[in-house]
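Undergrad: The structure is given below, and queries will be raised subsequently.
The values are calculated or read from the model by the stated rules, or taken from the named source; none is laboratory data. Predicted, not measured: the structure shown is a model, and the values here were computed from it. Neighbour counts are summed over all protein chains in view; Cβ atoms, including those assigned to glycine, are modelled from backbone coordinates with ideal geometry. Accessible surface is based on the protein model in full, side chains and every heavy atom, while ligands, DNA and RNA are left aside. Shrake-Rupley method; radii C 1.70, N 1.55, O 1.52, S 1.80 Å.
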Amino acid sequence: MSFLQINNVWKSYGQAQILERLNLSIDQGEFISMVGASGCGKSTLLKMILGSEVATKGEISLEGKPLVAEPDAERGIVFQKYSVFPHMTVLQNVMVADEFTKSFLLGRCFGSARKQVKQKAESFIDAVGLTPAINKYPHQLSGGMQQRLAIAQALMKAPKILLLDEPFGALDPGIRADMHVLIRDIWKKNNLTIFMVTHDIKEGFELGSRVWVFDKVRHDPQAPMAYGAQVTYDLKLDTDKTPDIAALTQKIAVN
Amino acid sequence: MKRLMNIEPSRFWRTFLTIVPFIVIIALYWSASDARLAENPNDKLLPSFTQISSAIDRMAFTENKRTGEYLFWQDSAASLYRILLGITISAAIGLIIGLINGLLPGVRAGLSPLVTIASLVPPMAILPILFITFGLDELAKVMLIIIGTAPVIIRDMQSQVMQIPKEQLIKAQTLGASTWLVTIRVVLPQIMPKLLAAVRLSLGAAWLFLIAAEAIAAQEGLGYRIFLVRRYMAMDVILPYVAWITVLAFAMDFSLKKMSQVCFPWYHHQEASK
Ligand SMILES: Nc1ncnc2c1ncn2[C@@H]1O[C@H](COP(=O)(O)OP(=O)(O)O)[C@@H](O)[C@H]1O
Ligand SMILES: [Mg+2]
């Protein structure tokens, strides 16, 4: 039994068929990069794994059980933007992750419970390198620091799956390289299963242990919306060897 | 020479330019009043500053012989009580319904159209209904303020809640938050500064409804007094009353602004750095 199983999943919005015939199985600890043309449905698949969208047909199961049909603490997410809380400091943003589940009524911890949550939050803030900014608000942070914060929040819940939707798309190249180091490190240390959507093929190959390329196989020129995209390439990369990115990119581009 | 649109006045000039219009208006009034009174000493339209100050003294600092009360302060207390009560209840209703409507699609489907239609009913048109149902005392006046301002605040709060990026709400759920905790820890703190802003904007309407209600049926109140003394063309009372209402309105607006800055510094810094 695989960790996550995608069984004949189809997704449409009204008349528009977005995705079709997805049959994929994922083992625990894989790092899957999702690449493909803009608007082909990568985020849509991510949202279905997250539970904020439901498949029109087919089923996704996690450890043999159908996925819970709404977001929960098993699946963490980092969006390209807006995934931190603007009214909380860095520390509060991370602490709230545990306060949500420790205090059902107020969503706040006090006394020794608070101390405990604070300590845990500080260790995750340290892990993403945000300790110097611990009392700052998100609007005082750079884009890269905000993404680090979003990652720290997600890690607090020790999710089974971490979903990243173009997490580094808005960052400068130098900062992006730092973030690559960070996310790779977090992936290895936490035995996470990661799904990352990216529009940067090179980034996809660099980070992923497996790359999915999305594209439409069937086309009807009269009705461009009639068919959805599928995973046309499912490449398992040998993480010990650096893949020949140039060759692979070319291979994809040819199609 | 810079373009006109790029010239920023210095601190000194800014203060100076703020004061000038007021001085000009007072000077204009003074000369116009002088001119009219020179022609006819019994003219009532533009009383002199001496007449106005003696009216203030009479209303605010002289005991009423019959009742032993100070009319001006009694009027102020009555009006402030009504408007503060009305606007507070409006804000509370606006916050709660707006929050629920904005966050819960199920409730929104049922309530949102109703609120939209309710906000289009002209409140003054149903004032007679309020007087009939709630009688002529306090309740009807407070109700008019609530009916006049609450629907707008509800609609504003609803749209503010819906403008919170969906990503944040989803993120909170992936951190294990229930609907309740998303409401009180994610949504509520973010729309509180917006609520204060909405209340500030509806203060003008609240004063309008208050004075209208007082003009029609009351025994005391700033609006009541103005409309009462109108019968004697007592401009020397009306003018300071209007100025006082303006001062009160300004003070309320200013304190709401300060309150927002003190309670939600993150919001104001964020807005300033945009
Ligand atoms: N809620 C929605 N309603 C209707 N259409 C949608 C919705 N969300 C996404 N789409 C459409 O689905 C297609 C795939 O979107 P998306 O998954 O975001 O693409 P991408 O691969 O760039 O992440 C797009 O054409 C988009 O317009
Ligand atoms: Mg996308």
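Undergrad: Can you give me the C-alpha center-to-center distance between region A:1-29 and region A:54-103, rounded to a whole angstrom?
TA: One Cα centre to the other: 20 Å.
Undergrad: Could you work out the relative contact order of chain A? I mean the mean sequence separation of Cα pairs under 8 Å and 6+ apart, divided by the number of residues, in percent.
TA: 27 percent
Undergrad: How large is the accessible surface of B:ARG200 in square angstrom, using a 1.4 angstrom probe and rounding to the nearest 10?
TA: Surface open to solvent at B:ARG200 totals about 80 Å².
Undergrad: Considering Cα pairs under 8 angstrom that are at least six residues apart, work out the relative contact order of region B:78-273 and quote it in whole percent.
TA: That works out to 26 percent.
Undergrad: A further question on this structure: What's the percent breakdown of Cα-Cα distances in chain B across 5 Å bins, shortest bin first?
TA: Distribution as computed: 1, 5, 9, 12, 12, 12, 12, 11, 9, 7, 5, 3, 1, 1, 0, 0 percent.
Undergrad: How many percent of all Cα-Cα pairs in region B:17-90 sit more than 18 Å apart?
TA: Of all Cα-Cα distances in region B:17-90, 63 percent exceed 18 Å.
Undergrad: Based solely on C-alpha atoms, express the radius of gyration and the Dmax of the protein assembly as shown in angstrom.
TA: Answer for the protein assembly as shown, Rg first and Dmax second: 32.1, 104 Å.
Undergrad: While we're on this one: If A:LEU235, B:LEU239 are ordered by their accessible area, calculated over protein heavy atoms with a 1.4 Å probe, which sequence runs from highest to lowest? Spell out each step's value before the answer.
TA: Working: A:LEU235 30, B:LEU239 55 Å².
Solvent-accessible surface, decreasing: B:LEU239, A:LEU235.
Undergrad: What does the convex hull of the alpha-carbon atoms of region A:85-158 project to on average, in nm²?
TA: Averaging across all directions leaves 4.5 nm² for the Cα convex hull.
Undergrad: Using only the Cα atoms of region B:83-196, each taken as one equal point scatterer with no solvent, compute I(q) by the Debye sum, divide by I(0), and report log10 of the ratio at q = 0.17 Å⁻¹.
TA: Here the Debye-derived log intensity ratios amount to -0.82.
Undergrad: Follow-up question, since we're still on this one. In Å and on Cα atoms, what radius of gyration and Dmax does chain A show?
TA: 19.1, 66
Undergrad: How far is the Cα center of region A:108-176 from the Cα center of region B:87-157, in Å?
TA: Computed from Cα coordinates, the inter-centre distance equals 41 Å.
Undergrad: Per DSSP H run of n ≥ 4, the term is -39500 (n - 2.57); total these for chain A, divide by its residue number, and report the mean residue ellipticity at 222 nm rounded to 500 deg cm²/dmol. Numbers along the way, then the final one.
TA: Values: 7 runs with 88 residues, N = 255.
Helices in chain A give a 222 nm mean residue ellipticity of -11000 deg cm²/dmol.
Undergrad: With the contact rule set at Cα under 8 Å and sequence spacing of 6 or more, what percent relative contact order holds for region B:57-177?
TA: Contact order relative to length: 34 percent.
Undergrad: Also: Taking the Cα centre of region B:1-118 as origin, sum charge times position over the Cβ atoms of Lys and Arg (+1) and Asp and Glu (-1), and report the length of that vector in debye to the nearest 20.
TA: Numbers: 11 positive and 8 negative charges, 99 e Å.
Dipole magnitude for region B:1-118 comes out near 480 debye.
Undergrad: Restricting things to alpha carbons, find the Rg to Rh ratio for region A:130-209 using the Kirkwood radius for Rh.
TA: 0.95
Undergrad: Work out which residues of region A:55-73 lose at minimum 50 square angstrom of accessible surface when the other protein chains are put back, relative to the chain isolated, with a 1.4 angstrom probe, and list them by number.
TA: A:PRO71
Undergrad: Could you run the Karplus curve 6.51 cos²θ - 1.76 cosθ + 1.60 with θ = phi - 60° over region B:262-274 and give me ³J(HN,Hα) per residue in whole Hz, x for Gly and Pro?
TA: So the J values, rounded to whole Hz, are 6, 7, 10, x, 4, 5, 6, 5, 4, 5, 5, 8, 6.
Undergrad: If ligands, DNA and RNA are left out, what is the accessible area of B:LEU28 with a 1.4 Å probe, given in Å² to the nearest 10?
TA: 110 Å²
Undergrad: In the full protein assembly as shown, how much of B:LEU111 is accessible to a 1.4 Å probe, in Å² to the nearest 10?
TA: Using a 1.4 Å probe on the heavy atoms, I get roughly 60 Å².
Undergrad: Can you sort B:VAL229, B:VAL247 by solvent-accessible area, 1.4 Å probe, largest first?
TA: B:VAL247, B:VAL229
Undergrad: Summarise the accessible area of the protein assembly as shown (1.4 Å probe, protein heavy atoms) by the percent that is carbon and sulfur.
TA: Reported share for carbon and sulfur atoms: 62 percent.
Undergrad: Chain B: longest stretch without exposed GluC sites (Glu not before Pro) (DSSP loop, at most 12 other Cβ within 10 Å), sites themselves excluded? Could you put the intermediate results ahead of the total?
TA: Working: sites that count: B:GLU63, B:GLU69.
With a cap of 12 other Cβ atoms within 10 Å, the longest stretch comes to B:70-274.
Undergrad: Okay, next question. Could you report chain B's accessible area per residue, 1.4 Å probe, as an integer in Å²?
TA: Value returned for chain B: 57 Å² of accessible area per residue.
Undergrad: With θ set to phi - 60° and the Karplus curve 6.51 cos²θ - 1.76 cosθ + 1.60, what are the ³J(HN,Hα) couplings of region A:103-113 in order, to the nearest whole Hz, using x for Gly and Pro?
TA: For region A:103-113, the Karplus curve yields 10, 5, 8, 9, x, 9, 9, 10, x, 6, 4 Hz.
Undergrad: Let me ask something additional. Can you list the trypsin sites (Lys or Arg not before Pro) in region B:37-103 that are in a DSSP coil and have 12 or fewer other beta carbons within 10 angstrom?
TA: Here the sparse-neighbourhood loop sites are B:LYS65, B:ARG66.
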